[in-house]
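Below is one structure, written out as structure tokens, with a few remarks after it.
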Amino acid sequence: MILVVGATGGLGGKIAHCALSAGNDVRILVREGSQYEELLELGAQPAFGDLKDPSSLERACQGIDAVVTTANSAKRGGADSIENVDLLGNASLIDAAAAAGVQHFVFTSVLGANPQSPVAFISAKGKTEDHLRASGMPYTILEPNIFMDVWVNAIVDSPLRARQPVTLIGSGHKKHSFIVERDVASFALGALSNQGAKNKTIAIGGPRPLSWRDIVAVYELFLGYPVVLQELPPGSALPGAPQFMSDMLAFMDTYESPINMTQTASDFKVALTPVETFVRESVARWN
Ligand SMILES: NC(=O)c1ccc[n+]([C@@H]2O[C@H](COP(=O)([O-])OP(=O)(O)OC[C@H]3O[C@@H](n4cnc5c(N)ncnc54)[C@H](OP(=O)(O)O)[C@@H]3O)[C@@H](O)[C@H]2O)c1
């Protein structure tokens, strides 16, 4: 049985759906009040608990062969802080899984995770990676690059759908290997049947590096008209967006993060989704 932690999230939901539709026995760690009913209808078994409650994690891990976790505090708040969830909660989950004899633990980290990072979220990811490596439990750590579903949707798709200009912070020329969530889900589940993925830390990205301007050009191609682009200087706030999004967008304009995926995609037999497919599917949902 696979325990999915974070199954009510964007990526975690895709992982749970894929695992269920592939015929796996799936347990999901869920909290009262979260949106998990659809997964129960599809056959998932609920384990009620919280990353902040270690005893609930011990119960959830009983009889589990593999854990896949995507849970994180980024879009939550209050008691779900980086310290409580991404650092202590993940450590408790790893300890509970190791004690229960779990045979494979897949942790969704982030590209550039580093325990020494001055950014608390990136540091918590790096420390969790270290904790997992030291646990003695077989593991796979996935370090994905930026998700199209989250970032392209927020920065380009949503404004265009509302007939608004696209606003960038910085020039938008730096290239990153953006990836779609469903491909990350394929790597997360693929790790469970890929012996070569055991005890590895794997950077994952999309099929080719893209700048924001490349992505806008793909939208122009699909829409058949030029997109109005506004460029704000670093330090500006994106209208209507949370501050971390403005900060992250400015940060993305300071480095490039291409990932050569040829070998990894072949090892995992994942056909990476090109941005053109993402844009076509997104625009088709507009009406
Ligand atoms: N977005 C990107 O570009 C990007 C890039 C690289 C890596 N990543 C990583 O990829 C993952 C994204 O996952 P996602 O899209 O599924 O996240 P998400 O949509 O933000 O969902 C967060 C999940 O974590 C759960 N959670 C939060 N606090 C919890 C707690 N105290 N106890 C139990 N569950 C808790 C939430 O449950 P509730 O519904 O109960 O709150 C929810 O299921 C994250 O690990 C992220 O760091 C993201």
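Other residues with beta-carbon under 12 Å from the beta-carbon of GLY196 carry, at +1 per Lys or Arg and -1 per Asp or Glu, a net charge of +2.
Taken one residue at a time, the phi angles of the stretch 46-57 give Karplus couplings (6.51, -1.76, 1.60, θ = phi - 60°) of x, 10, 7, x, 8, 4, 7, 10, x, 5, 5, 6 Hz. Gly and Pro are set to x. Mind listing the phi-derived Karplus ³J(HN,Hα) values for the stretch 223-229, rounded to whole Hz, using 6.51, -1.76 and 1.60 with θ = phi - 60°, and x for any glycine or proline? Calculated HN-Hα couplings, in order: 7, x, 9, x, 8, 7, 10 Hz. The coefficient of translational diffusion for the stretch 124-202, derived via Stokes-Einstein from the alpha carbon Kirkwood radius under 4 °C and 1.567 mPa s, stands at 85 µm²/s. Cross-link partners of LYS175 among aspartates and glutamates, defined as those whose alpha carbon lies under 13 angstrom from its own and excluding same-chain residues fewer than eight positions apart: ASP214, ASP253, GLU256. Taking 7 Å steps out from each Cα toward its Cβ at PHE251 and GLN164 produces label points 2.3 nm apart. Viscosity 0.692 mPa s, temperature 37 °C: what is the translational diffusion coefficient of the stretch 2-144 from Stokes-Einstein with a Kirkwood Rh over Cα pairs, rounded to a whole number of µm²/s? The calculation lands on 220 µm²/s. Here's the picture: a label point sits 7 Å out from the Cα of ALA22 along the beta-carbon direction, and within the stretch 81-120 the residues with their amide nitrogen under 19 Å of it are 102-109.
In percent, rounded to a whole number, the relative contact order of the stretch 2-144 is 21, using alpha-carbon pairs under 8 Å and six or more apart.
Sites listed here are trypsin sites (Lys or Arg not before Pro) in the stretch 174-270 whose DSSP assignment is loop and whose Cβ has at most 14 other Cβ atoms within 10 Å: LYS198, LYS269. In the chain, Cα pairs under 8 Å separated by at least six residues give a relative contact order of 16 percent.
Go through the stretch 7-108 and name the GluC sites (Glu not before Pro) that are in a DSSP coil and have 16 or fewer other Cβ atoms within 10 Å of their Cβ. Please list the in-between numbers first.
Numbers: sites: GLU32, GLU37, GLU38, GLU41, GLU58, GLU83; in loops: GLU32.
The qualifying sites are GLU32.
Extension gain for VAL227 to GLU38 (0.36 nm times residue separation, less C-alpha to C-alpha distance): 64.3 nm. Remark: for residue pairs LYS198/LYS269; LYS127/LYS198; LYS174/LYS198; LYS125/LYS198; LYS127/LYS269, the C-alpha separation exceeds 26 Å in LYS174/LYS198; LYS127/LYS269. Between LYS52 and LYS75, the FRET efficiency estimated from the beta carbon spacing at R0 = 22 angstrom works out to 0.85. In whole angstrom, the chain maps to an equivalent ellipsoid with semi-axes of 33, 20, 19, each derived as √(5λ) from the alpha carbon gyration tensor and ordered largest first. Using a simple spin-label model with pseudo-atoms 7 Å out from Cα toward Cβ, ASP267 and ARG59 lie 3.8 nm apart. Each residue of the stretch 4-9 was assigned a 3J(HN,Hα) from its phi angle through the Karplus expression (A = 6.51, B = -1.76, C = 1.60, θ = phi - 60°), giving 9, 10, x, 5, 8, x Hz with x at Gly and Pro.
No lab work stands behind these numbers, since they all come straight from the coordinates. If you're wondering where the values come from, they're calculated on a predicted model, not measured in any experiment. Methodologically, a virtual Cβ is constructed for each residue, glycine included, from the backbone with ideal geometry; neighbour enumeration extends over all protein chains shown.
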